[in-house]
Amino acid sequence: MVDLSQTGGADTISSKTILNVRNLCTYFYTRQGVVKAVNGVSFDVKPGRTLAIVGESGSGKTVTALSLLGLIDPPGKIVSGEIYLDGRNLLGLSREELRRLRGKDMALVFQDPMTSLNPVFTIGTQITETLTCHMGIAGAEAKIKAIEMLKRVGLPHPEKIIKRYPFQLSGGQRQRVMIALALSMNPRVLIADEPTTALDVTVQAQILYEMRQLIKDCRAGVILITHDLGVVAELADEVAVMYAGSIVEYGDVYEIFDNPLHPYTRALLKSIPRLGTKDEVLRPVQGQPPSLIDLPGRCAFLPRCEHGAGGCRAGVPPLEEIIPGHAVACHRVIAAKPEEVTLRELA
Amino acid sequence: MSLLEVDGLKKYYRTGGGLFSTGREKVHAVDGISFTLEREETLGLVGESGCGKSTLARLVARLEEPDGGRVIFEGKDITELSGKKLQELRCEIQVIFQDTYSSLNPRLTVSSIVGEPLANFNMGTRKEQKERVRELLETVGLNPEHAARYPHEFSGGQRQRIGIARALALRPKLVVCDEPVSSLDVSIQAQILNLLKKLKQEFGLSYLFISHDLAAVSYISDRVAVMYLGRIVEVLKSRDLATEACHPYTQALLAAVPVSDPRLREGKELIVKGEPPDPVNPPAGCRFHPRCPRAIEKCRSVEPVLNEVEEWHQVACHLSC
Ligand SMILES: Nc1ncnc2c1ncn2[C@@H]1O[C@H](COP(=O)(O)OP(=O)(O)OP(=O)(O)O)[C@@H](O)[C@H]1O
Ligand code: SF4
Ligand SMILES: [Mg+2]
C-alpha cells in the first residue's frame, strides 16, 4: 500500500518494495494547451507481485509506463514527482544511465510486439544479441539459453522458432517471444502494457496462465496495464484504478472487487457483461471522460457521477486511505468515514 | 417463415502470394454455413480472428458475392439480386461496422451522412428528410443541434451512434452489426449495447450481431452461433450458453473468458492449447480436432455435421453431449 504521507528519500522507503512512484506528473505541451496526462500518481511495486493499472482509453496508463522508463519525449515532460528503483531516484539519472536500465532492470512488453521486434533479424538472433549485450552470454551457450527461454513461455518447437523472422509468427507467438525477451534479463520490474489485448481469447488465456507462473518464479515486480477488469481479476495482486490522469482507487485486488468504493470503479464493474448472469441489465456510466486540457479544480468525475453533490466541487479529492490498505479519492467516501462506508448508504 | 435463411454459404479468397505461398492457395473464409434468423431475434455470431465472421456479415448484407450457397430473406432468394432489386434490398438490410473512421465519410456533416440514404431513395421532401435526421439523432442519443458537425468532432462512441442512426434511416428489418463495440471503451460499449437493445424493441428490429467477445454477444443475443475456421460448430440460446454448451470448442471459449472475480482464478485450468490453424489448409475431419482435448479417431477423418440435439440447439461434434 502506498503510504501517501511519504514523499521520498531512500531511507523512508520500505525494503519490501522495488519501485516507488510518488506524485508523478507528466504533461504534454501541445498547441491546444497543456495535456495533464499523468497528474500526481503514486504507487508501489513489490517483488513477485503484480500491480494492475486499469482505466479507460486516455486515462494516462501508457504515459505512466513511459514515464517510468524515461521514454517521454517533447512536447511531453515529467514535470514533477519521484521514481525510486531500489531506493535510487531515476529522475536524477542521465539519458545514458536510463537507457542501460531499460531492458535490464526494467523491461517492457507492449501490446503490439511487431513494433518492438526487428523485422530483419531472426528471433534467435534478437534473443542471443540481447543476452550478449546485457548478460555477456554468447555463442552456443546463448543459443541454448534462448531455446530454453522460449520453452519457458510455452512456445512449442523453440528450435524452429529461433530460425524464423517476426512476420512468420502469429500474434500470440510474437507476444510470447517478447515476454521471453523481457524476462531473459531477470529484470527487477516488468512493465506489460496491454500484453494480451490484441490476441484472441483462447490465446490470451494461455498467455495469462503462463505469465502467472513466470511472475511467481522470477520474483520481478510487475506493472500490468490494462483496460480489462477481467485481466485484472486473472492476474493482479494490487489494483490502481485511473481516471483522467489520476489514481482514484487503490488497494488489494480482492478488496477492490469485493468492496469497490469509488463511484467510477463501481460504474466500471457494472459496465461489463458477465457470462451466466441471466437477464442482467448493464448500467454503464453515462457521458464521456473529460478533456485533459483545463482539468477543473474539482473532482474530474463529477459530471458523470451518480453520487455527485455540491461538496464535490471543493477541490480535487485526495487519494485517502479509507480502510487499511484501501485508498479512495472521492469527497463523499472520505467524508463518510470512519463509519463503515458503502456508497449504498451515501446514495 | 424465418426472416433470414442462410443455406450452405461459401466464400473463398485467393491469397496474395506471400513468401511461401504458391499463389494458387485459397482461404476457406466461409465454408458451408447454414443458419436461420427469426423475426425480431438477435443472433450472435462469435469466433476468433480469421474464422470468417466478417466475411459472413458481408455475404448476408450482399456486399459481396458468395461462391456457393444461398441467402434467403423473407422467403425470397436474394443471392443473385443485382441492379435496382439489390438497391431495394438495401432498405431492408443495413450494416453497422466496427471502424467508424473508414465507414463515415470525413468530409460530410453528420446531417448529410445520416440523411444520405434518405436522399438516395428520395424519401420525402428536403424538409421532411431534415426532420427525420433530427429525429434519428435524438433516437440514438445525439444532440440534433450537432447535425452540422463533422465526424472527427465526435468521440468513438458518438461516431458509432452516428453509424447506427444512418443504418436506421431507411427503417430496415435486419441490421448486421459487425463488431460494433469492439474498439470502444468498456463504459461506452455498455452504452451502445443498451442502445441497440432499446432500438430493437422500439422498431422491432432483428440483428445479426458479430463479435469476438462472448460475454457481449450473450448479453445482447437471443441465440449464439459459434464459428471455427469457416464453419458453425454450435448454435444455442444465450441463456443456456454457460450451462448447456457442449461443443468442446464452445467450452474452451467459455473457459478462456477472463474471470469476473479474482477468487475464481484459483485452480483455473487451460482447456485448449495452441492457436487456430491456417484457414488455407483447414485440418481434415473435424477442423477443431488438432486442438480438441476430447477428440476420438473418427474426428481425424470425418467432418461432423450440424445436428439438432434439442430444440434451438445444434452441435457439430461426433461426441454426444
Ligand atoms: N505525444 C503526446 N502528445 C500529446 N498528448 C499525448 C501524447 N501522448 C499521450 N498524450 C495524451 O495523454 C493522455 C493519456 O494517454 P495514454 O496513452 O497514457 O492513455 P492510456 O490510458 O494508455 O489509453 P489507452 O487505453 O487508449 O492506451 C491522452 O489524453 C493522450 O491524448
Ligand atoms: S467526489 Fe463527488 S463527484 Fe467525485 S466521485 Fe466522489 S461523489 Fe462522485
Ligand atoms: Mg495505452
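Relative contact order of chain A, taken over Cα pairs closer than 8 Å and 6 or more residues apart, is 20 percent.
Structure note, pairs A:Lys46/B:Lys268; A:Lys77/A:Lys270; A:Lys270/B:Lys198: Cα-Cα distances above 26 angstrom occur for A:Lys77/A:Lys270. In plain terms, the C-alpha convex hull of segment B:43-107 casts an average shadow of 6.0 nm² when viewed from every direction. Shielding of peptide A:202-210 by partners, expressed as the average count of other chain Cβ atoms within 10 Å per residue Cβ, is 6.
Could you tell me the convex hull volume per residue, in Å³, taken over the Cα atoms of segment A:117-184?
Values: hull volume 5.0 nm³, N = 68.
In segment A:117-184, the Cα convex hull volume per residue is 73 Å³.
Between segment A:265-310 and segment B:168-190, how far is it from one alpha carbon centroid to the other, in angstrom? A separation of 20 Å, based on Cα centres. To the nearest ten degrees, helix A:123-135 and the longest principal axis of the Cα atoms of chain A are 80 degrees apart.
Please give me the summed charge of the neighbours of A:Asp193: other residues whose Cβ is under 11 Å from its Cβ, Lys and Arg +1, Asp and Glu -1.
Numbers: positive: A:Lys61; negative: A:Asp112, A:Glu194.
Cβ neighbours under 11 Å give a net charge of -1.
What does the average come to when, for each residue of peptide A:231-239, you count the partner chain Cβ atoms lying within 10 Å of its Cβ?
3
How would segment B:106-186 be classified by its alpha-carbon gyration tensor: rounded, prolate or oblate, with rounded meaning a/c under 1.5 and the a/b versus b/c comparison settling the rest? Since a/c reaches 1.5 but b/c is at least a/b, the shape of segment B:106-186 is classed as oblate. As a length-normalised measure over Cα pairs under 8 Å and 6 or more apart, the relative contact order of chain B settles at 20 percent. Estimated purely from DSSP H runs of n ≥ 4, each contributing -39500 (n - 2.57), the mean residue ellipticity at 222 nm for the protein assembly as shown is -9000 deg cm²/dmol once divided by its residues. Convex hull of alpha carbon positions in the protein assembly as shown: directionally averaged projected area 32.1 nm². Think of each Lys and Arg Cβ as +1 and each Asp and Glu Cβ as -1; about the Cα centre, that makes the dipole of chain A roughly 820 debye.
All distinct Cα pairs of segment B:134-241 go into the 1/r average, and the inverse of that average, the Kirkwood radius, is 14.9 Å. Value of Rg to Rh for chain B, rounded to two decimals, is 0.99; Kirkwood radius and Rg both from alpha-carbon coordinates.
Roll a 1.4 angstrom probe over the protein heavy atoms and tell me the percent of accessible area of segment A:117-184 that is carbon or sulfur.
On the way: 1870 of 3180 Å².
It is 59 percent, rounded to a whole number.
Bridgeable aspartates and glutamates around A:Lys36 (alpha carbons under 18 Å apart, same-chain partners fewer than 8 residues away excluded): A:Glu56, A:Asp73, A:Glu82, A:Asp294.
Summing +1 for each Lys or Arg and -1 for each Asp or Glu among the other residues whose beta-carbon sits under 10 angstrom from that of B:Phe35 gives -1.
To the nearest hundred square angstrom, how large is the accessible surface buried between A and B, total for both chains, probe 1.4 angstrom?
Numbers: alone 16640 and 16500 Å², together 29260 Å².
The contact between B and A buries close to 3900 Å².
Can you give the net charge of the other residues whose Cβ lies under 13 Å from the Cβ of B:Arg132, counting K and R as +1 and D and E as -1? Taking every other residue near B:Arg132 into account, the sum is +1.
Remark: mean inter-chain Cβ contacts per residue of A:284-292 equal 4, using a 10 Å Cβ-Cβ cutoff to other protein chain atoms. Packing here is the average count of other Cβ atoms within 10 Å per residue, and on that basis the peptides A:170-177, B:3-10, highest first, run A:170-177, B:3-10. For A:Lys143, the lysines whose Cα comes closer than 30 Å to its Cα, not counting residues fewer than 8 places off in the same chain, are A:Lys104, A:Lys151, A:Lys160, A:Lys163, A:Lys216, B:Lys273. Size descriptors for chain A, from the alpha-carbon set: Rg then Dmax equal 21.0, 69 Å.
The values are calculated or read from the model by the stated rules, or taken from the named source; none is laboratory data. The structure displayed is predicted, hence computed values, not measured ones. Ideal geometry is used to build each Cβ from the backbone, glycine not excepted, and the neighbour counts take in all protein chains shown. Just so you know, the surface numbers come from the protein's heavy atoms only, side chains and all, with ligands and any DNA or RNA stripped out. Shrake-Rupley method; radii C 1.70, N 1.55, O 1.52, S 1.80 Å.
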